[in-house]
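The block underneath contains the structure these notes are about, expressed in structure tokens.
Please treat every number below as a calculation from the coordinates, not as lab data. It should be emphasised that the depicted structure is a prediction, and the values quoted were computed from it without experimental measurement. No Cβ is skipped: glycine too gets one built from the backbone with ideal geometry, and neighbour counts run over all protein chains shown.
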Amino acid sequence: MTENEGENCCSSSDKSNAKQENSSCCSNNNNSVNSFKSIPILIQEKTSCCSSNSSKETVNEHEKTSCCSSNEQHTLEKTETLTNPLPSGEKMAYRVHGMDCPACAKTIEKGLSTLKDIAEVNVNYSTAKMQVAASNSDAFIPIESEIEKLGYSIEPLNQKGNIKTFNIEGMDCGSCAKSIENHLNTLPSVKNVSVNFSTGKMKIEHSGSVEDIMTEVSKIGYKALLQSNKKSIQTVKNKNENGLVILSGVLIALGFIGSFNGISTLMSVILYAIAMVISGYKPVKSAFYALKSRSLDMNVLMSAAAIGAALIGEWLEGATVVWLFAIGNYLQTKSIERTRNSIRNLMDLAPPEAWVQVGSEIIKKPVEEITVGNIIIVKPGDKIPLDGVIIQGESSVNQAPITGESIPVDKEIGDKVYAGTINEHGSLEIKVTKLVEDTTISKIIHLVEEAQEQKAPTEAFVDKFASIYTPVVFILALAIMVLPPIFGFGTWGDWFYKGLELLVVACPCALVISTPVAIVSAIGNAAKNGVLIKGGTFLEKTGAITAIAFDKTGTLTEGKPKVSEIKSLTVSEEELLSIAFTLEDYSTHPIAKSIVGYANEIGIQPKNGEMFKSIVGKGVQATIEGNIFYAGNLKLFEEMNVSLEDVKKHVQDIQNKGKTVVIIGTQIQIIGIIAVSDTIRETSASALKELKLSGVNQTVMLTGDNKGTANTIASEANVNRYFAELLPEDKVDAIKKLQNEGHKVAMVGDGINDAPALATADLGIAMGGAGTDTAMETADIVLMADNLDKLPHTMKLSRKALTIIKQNIWFSIIIKVIALVLIFPGLLTLWMAVLSDTGAALIVILNAIRLLKFKE
Ligand code: AMP
């Protein structure tokens, strides 16, 4: 392996002072560096070295440690991310409406886990999603009513198989429900149906389409809406809450103004009391159920503070507490809904119907009814409804919803297209390759929603802190209410009031919310830019990256080399190409493909070859007409001691132009050389420049190519260091070397060939994710576009996310400390304490959702 630090290193005035590993630093110096020699152990062996404890003789102590500390840890994190945290058994996912604070999530978890046969409940406040595992499907039945008791509502998300839930509108008696059931039971596609009049819901198991059911229900005078269309219901609910908050504010204002204008104190108290009931009804109800499930959430603390204030005659304070709390919650919910919806809106990108070719006719069908192999027609200007391959027509397609690229991509017969992208011009005939639930866009949505539910390390830490902080401050509040007056310090009223303030200060809302909202917003922003970040952990890691390693072929370059020069020495050019064609015909290497393609193009015929063998990282060999021929790099022929005198100068000239040299010859002589060149992707140089501006100073290229070529490509691509002549397994060592230098390393590759290096790096980034499902599933971060364009944005976004998380955490802690300090000299009032809590939470949310709109 050869390492070189490119231009920066070469320009160093005192080369002799360079580190020993870097002694081959200047491009024309041919020293190969052996400071960390290649150890041919693949990642699988390393993983087993960690898990089985069976140390390999060849691996020294240091290597074993690094193997276990980086690889195993990494593998574990990946498993954590990819697997469902719930135990096996029946599982259901729900969307939860009405949560105002992470404490609500805890209350729901505690409340539901007491139900019979429920094994585990996970509620994620930021995404408003709940996952429930149960030992049998009956256990899910009481969930909805239990949730409603707690003051929230849910809608099921994974309406599995053909069982669907509809909201029925227009029923005004129990018999209407029976009529609907009776009518639907006459349809052959319906297996089972039950309509509940009081909930207005219909559960139906059927094999037909959603539209069929809706039509059938409308035939008998009712309206059926698939339950996920809950937006309208939610809006009405929000409007009602809005009105109540306003009414309660007006009552408080009337009571307050009236108290200066002659209305009786009793009248003011009545107005305050009504205001308290109006805004306090919901938190008190939720507090009741929270206490029942032994949860000390903000509803409990706020309700206690408000009731306590009323008990000591501070009605205005009590009413203001619940009113400010209600306003705060309303505004928080409103702002956080924007974040929650940012990903859900992606779902609306793909059209629900498509024009399908059936025989000679073209019929409009819902996408759910279209199967793999169907031909769909997409007119100019229309969105592509399903993933597929173009079989007729050409157009340019705007792939921004998938890849984040704003410039449309030219597509022709044989090219892949994705659901949700826009056919700019030209009619397209597309053969469908994926069902609606398997399209790239639905995979993205699924992966992003899953990612948003993963807890980042900071979030886990903050949650732990909050779980200690709240009970401690709560006990302190109780102690303060009782102990000082018992020992004769001050009055009961004074200390009781201070205790109530402490109860409010015990709410850690802003702190708990500080990290998850930022993470959900940042992951949402990345997704809209065509970048999948697989969880908060990876977002945090990205923010800390100091070095990025790139695979050369296919990542920095197009990965489609072309023959650019031919020099024959002892045979004719035609003969040279014929031998090269024969040798390379059996290789799958991109270089081989370029030579075979070129020979085919100019009509060269191959010879009869046998005993084909590929020499990893060096080339290929075959026996042609009784002689063994080789095609490969300089190293291959050097190792066979073939005289290179006649070609060395020419080889070096070609390499210095950034081209790869393929030498053709036998063990005795060279018969000719072929130069192939791979062009750098248009966006590589600019992306690398941007990366440096974003603070990543170490950009490293990894390549199996020779130093000369590597040096030229590295400087053209703006990479400041490279490792050349790497065998595939050397890439892992190169990553480790960077880690040993103290870097947090990200590796960018195509996700398949570079899997071991991607897994060894602190962060694995796969490029071109839209085309390969494997890359999408295995890497920590996936650039959906087939270029590096969005990498600088991802780095900047994650750094910004880390900054915002830090700001939020510090802000919420400082506000709490100030509130605590002001309580004792009596400078804090109850309403100020509430404002410091809900107000701070709102500020923290607004600060975090800036990440949704973050642009480079
Ligand atoms: P790789 O790591 O597979 O990209 O291979 C490293 C180097 O080996 C390439 O840059 C080529 O110089 C040489 N090589 C590998 N395979 C072939 C082949 N089929 N024909 C010619 N040269 C090859």
Next item on the list: Determine ³J(HN,Hα), in whole Hz, for all residues of region 742-750 in sequence, where each value follows from phi through the Karplus function 6.51 cos²θ - 1.76 cosθ + 1.60 and θ = phi - 60°; x replaces Gly and Pro.
Entry: x, 7, 8, 10, 10, 10, 10, x, 8
Item checked: Calculated diffusion of region 598-669, Stokes-Einstein form, Kirkwood radius summed over Cα pairs, 10 °C and 1.306 mPa s, µm²/s -> 118 µm²/s
Check: If you wrap region 733-848's Cα atoms in a convex hull and average its projection over all directions, what's the area in nm²?
Finding: 10.4 nm²
Next item on the list: Read phi for every residue in region 529-535 and hand back ³J(HN,Hα) as whole Hz from Karplus 6.51 cos²θ - 1.76 cosθ + 1.60, θ = phi - 60°, with x for Gly and Pro.
Entry: 9, x, 10, 9, 10, 7, x
Notebook entry, point to check: Which aspartates and glutamates does Lys416 reach when only Cα atoms under 17 Å apart count, and residues fewer than 8 places away in its own chain are ignored?
Noted result: Asp382, Asp387, Glu394, Glu405, Glu424, Glu429, Asp438, Asp773, Asp786
Notebook entry, point to check: Dipole size in debye (nearest 20) for region 325-466 around its Cα centre, Lys and Arg Cβ +1, Asp and Glu Cβ -1?
Noted result: 400 debye
Note to self: Which log10 I(q)/I(0) values does region 346-389 give at q = 0.19, 0.29, 0.34 Å⁻¹ under the Debye formula, counting every alpha carbon as one identical point scatterer?
What the structure shows: -0.55, -1.22, -1.47
Checklist line | Centroid-to-centroid separation of region 417-448 and region 253-289 [C-alpha atoms, Å] | finding: 55 Å
Check: How big is D, in µm² s⁻¹, for region 240-398 by Stokes-Einstein at 10 °C and 1.306 mPa s if Rh is the Kirkwood radius over C-alpha pairs?
Finding: 77 µm²/s
Check: One-quarter of the Cα convex hull surface for region 379-461, in nm²?
Finding: 6.1 nm²
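How many percent of DSSP beta bridges within region 658-768 run antiparallel, rounded to 5?
45 percent
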Note to self: Rg and Dmax in Å for region 643-795, alpha carbons only: what are they?
What the structure shows: 17.1, 53
Checklist line | Net charge, Leu539 excluded, C-beta distance under 12 Å - Lys, Arg +1, Asp, Glu -1 | finding: +2
Note to self: Based on alpha-carbon atoms only, what is the radius of gyration of region 533-644 relative to the globular estimate 2.2 N^0.38 Å?
What the structure shows: 1.45
Check: Principal axis lengths of region 751-802 from Cα atoms, whole Å, largest first?
Finding: 31, 23, 15
Note to self: Taking 0.36 nm per residue of sequence separation and subtracting the Cα-Cα distance, how much length would be gained by fully extending the chain between Thr491 and Ser427, in nm to one decimal?
What the structure shows: 14.7 nm
Item checked: Positive-end residue of Gly524, Trp495, Pro508, charge dipole of region 473-557 with Cβ unit charges -> Gly524
Notebook entry, point to check: What is the mean projected area of the alpha carbon convex hull for region 466-506, to one decimal in square nanometres?
Noted result: 2.4 nm²
Margin query: Above 18 Å lies some portion of the pair distances; for region 539-596, what is it as a whole percent of all C-alpha pairs?
Written below: 54 percent
Notebook entry, point to check: Applying the Karplus parametrisation 6.51 cos²θ - 1.76 cosθ + 1.60 with θ = phi - 60° to the phi angles of region 840-856, what ³J(HN,Hα) value in whole Hz is obtained for each residue in order, glycine and proline being reported as x?
Noted result: 4, 4, 5, 4, 4, 5, 4, 5, 5, 6, 4, 5, 4, 9, 4, 10, 4
Check: What is the distance in Å between the Cα centres of region 621-662 and region 669-738?
Finding: 21 Å
Note to self: Can you give the log10 of the normalised intensity I(q)/I(0) at q = 0.11 Å⁻¹, computed with Debye over equal Cα scatterers of region 324-439?
What the structure shows: -0.42
Note to self: Binning at 5 angstrom from zero up to the longest distance, how are the C-alpha pair distances of region 465-579 distributed in percent?
What the structure shows: 2, 8, 10, 8, 8, 7, 7, 6, 6, 6, 6, 5, 3, 3, 3, 3, 2, 2, 2, 2, 2, 1, 0
Note to self: Using amide H atoms built in the peptide plane, which far-off residues or other-chain residues are under 5 Å from Gly609 H to H?
What the structure shows: none
Next item on the list: Project the alpha carbons of region 683-729 onto their principal axes and report the range along each, largest first, in whole Å.
Entry: 31, 20, 15
Margin query: I'd like the chymotrypsin sites (Phe, Trp or Tyr not before Pro) in region 282-388 restricted to DSSP loop residues with at most 13 other Cβ atoms within 10 Å, sorted by number.
Written below: none
